[in-house]
1. Can you name every residue in the stretch 99-121 that is open to solvent by less than 40 Å² (accessible area, probe 1.4 Å), under 23 Å from Gly29 (Cβ atoms) and outside any strand (DSSP E or B)?
2. Step by step: first the residues of the stretch 11-21, then only those that are modelled with pLDDT of 80 or more and part of a loop (DSSP other than H, G, I, E, B), then the one that is least open to solvent (accessible area, probe 1.4 Å). Which residue is that?
3. Among (1) in a helix (DSSP H, G or I); (2) farther than 21 Å from Thr116 by Cβ, which single condition is Val86 missing?
4. For the stretch 89-98, name all the residues that are at negative phi and either loosely packed, with under 13 Cβ neighbours inside 10 Å or under 13 Å from the mean Cα position of the chain (by Cα) (or both).
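The values are calculated or read from the model by the stated rules, or taken from the named source; none is laboratory data. Keep in mind the model is a prediction, meaning the values are calculated, not measured. So basically every Cβ, Gly included, is an ideal-geometry build from the backbone, and we count neighbours across all protein chains shown. Heavy atoms of the whole protein, side chains included, go into the accessibility calculation; ligands, DNA and RNA do not. Shrake-Rupley method; radii C 1.70, N 1.55, O 1.52, S 1.80 Å.
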Amino acid sequence: GDDRVMGERHDSGLGKSAALMTGFRRSRGRHIVMLDGDGQDDPAEIPRMVRMLDDDPAVGLVNGWKTPRLDPWHKTLPSRVFNLLVGWVTGLHLHDHNCGLKAIRGDVARGLQLTTDMHRFIPTLVSLGGHGVVEVPVHHRPRMRGVSKYGMGRFFRGLADLGRVAALITAIPE
């Protein structure tokens, strides 16, 4: 195997934010790439995204924007609404805040504190930490594995989490 690749197993039910925090803490690299396991993200995008981190030291995160998006309307419409609301509340306007494909500087990732479900707001948290966030269109592929966990319940939980982010923003001194 490749000694640059490590595995970590959590008890089930801890969630994506906990998994990412474990990965961030265990990482040693200058860059970290987040990639969902459903096959929709194209790994061929990774070198370009990492180069964007190297090209501008002010950039802490390169966020993917799945385009053209191949998901059904009942996923894309709530996602569009959510992205507009997040931009309105946070001032960070992205097409796809929750894209699973992200490249982040290792030091920036290791400085994040993700509580339950806050992985949806990684770009906002990186920006609040004073690091630049850029968005780049990425190739989106049909789902190859797993099933979507998205539904209206998740949409409303995301709105509640957005309230937590808004509280963070108002707590930051000017």
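1. Residues of the stretch 99-121 that are open to solvent by less than 40 Å² (accessible area, probe 1.4 Å), as a first pass: 99-104, 106, 108-109, 112, 114, 118-121.
Now drop any that are not under 23 Å from Gly29 (Cβ atoms), which leaves 99-104, 106, 108-109, 112, 114, 118-119, 121.
Matches in the stretch 99-121: Cys99, Gly100, Leu101, Gly106, Val108, Ala109, Leu112, Leu114, Met118, His119, Phe121.
2. Just the residues of the stretch 11-21 that are modelled with pLDDT of 80 or more, to begin with: 14-21.
Still in the running and part of a loop (DSSP other than H, G, I, E, B): 14-15.
Working: Leu14: 101, Gly15: 43 Å².
Per the criteria, the residue is Gly15.
3. So the condition that Val86 fails would be (2).
4. Of the residues in the stretch 89-98, the ones at negative phi are 89-90, 92-98.
If the condition is that a residue be at negative phi and either loosely packed, with under 13 Cβ neighbours inside 10 Å or under 13 Å from the mean Cα position of the chain (by Cα) (or both), then His93, Leu94, His95, Asp96, His97, Asn98 are the ones that fit.
Here's the yes/no breakdown for (1) of a type in the set (A, V, I, L, M, F, W, C); (2) on the phi > 0 side of the Ramachandran plot:
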position: Thr67; (1), (2): no, no
position: Pro72; (1), (2): no, no
position: Gly87; (1), (2): no, no
position: Val108; (1), (2): yes, no
position: Gly111; (1), (2): no, no
position: Asp117; (1), (2): no, yes
position: Leu125; (1), (2): yes, no
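Residue by residue, here is whether (1) in contact with a Lys or Arg (Cβ under 6 Å, 6 or more places away or on another chain); (2) over 18 Å from Asp161 (Cβ atoms); (3) modelled with pLDDT under 95 holds:
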position: Ile32; (1), (2), (3): no, yes, no
position: Asp54; (1), (2), (3): no, yes, no
position: Val59; (1), (2), (3): no, yes, no
position: Arg69; (1), (2), (3): no, yes, yes
position: Leu77; (1), (2), (3): no, yes, yes
position: Val86; (1), (2), (3): no, no, yes
position: Gly91; (1), (2), (3): no, no, yes
position: Leu94; (1), (2), (3): no, no, no
position: Val126; (1), (2), (3): no, no, no
